[in-house]
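Report on the following structure.
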Amino acid sequence: MPCPRGRLLSQKHQNASFLDATGLKCPLPVLRARKALKAVAPGGLLEVLADDPAAPKDFQAFCETTGHKLEESAAEGATVRFLIRAAG
């Protein structure tokens, strides 16, 4: 079961947009995040939950190639929470 929204994030990031990608397998979590980031203002934050085992490497590579910044990642069980700052 995914951890509650915002449980692992610091208080200063509670205004992040949110995407629940749990249950999705590669490459869908990254593709959904890419789509969601189009609606996030430059410098804004997107919080993503994912439980695909490949997600940590996929999100790191995604951010490196797109210019977005992976601000935080935290795991609780099989679920990983990512905080991505939109490029711009």
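The values are calculated or read from the model by the stated rules, or taken from the named source; none is laboratory data. Fair warning: this is a prediction, and the values are worked out from it, not measured in the lab. Don't worry about glycine lacking a Cβ; one is built from the backbone with ideal geometry, like all the others, and counts go over all protein chains shown.
Which of the residues that make up region 47-72 are crowded, with 16+ Cβ neighbours inside 10 Å and closer than 19 Å to K25 by Cα?
Within region 47-72, E47, V48, L49, A50, D51, D52, A55, D58, F59, F62, C63 qualify.
Run down A21, A75 and say which single residue is touching a Pro at 6+ places or on another chain (Cβ under 9 Å) and surrounded by 18 or more Cβ atoms within 10 Å (Cβ to Cβ). Let's see the steps before the verdict.
Working: A75 fails: surrounded by 18 or more Cβ atoms within 10 Å (Cβ to Cβ).
One residue alone meets the criteria, A21.
Find the residue count for region 10-46, including only residues that are at pLDDT below 95 and polar (S, T, N, Q).
Residues flagged as at pLDDT below 95 and polar (S, T, N, Q) within region 10-46 amount to 4.
Considering region 59-78 alone, what residues qualify as being among the hydroxyl-bearing types (S, T, Y) and within 11 Å of the chain's Cα centre (by Cα)? Walk me through how you get there before you give the answer.
Going residue by residue through region 59-78, those that are among the hydroxyl-bearing types (S, T, Y) are 65-66, 73.
S73 - this is the single residue of region 59-78 that is among the hydroxyl-bearing types (S, T, Y) and within 11 Å of the chain's Cα centre (by Cα).
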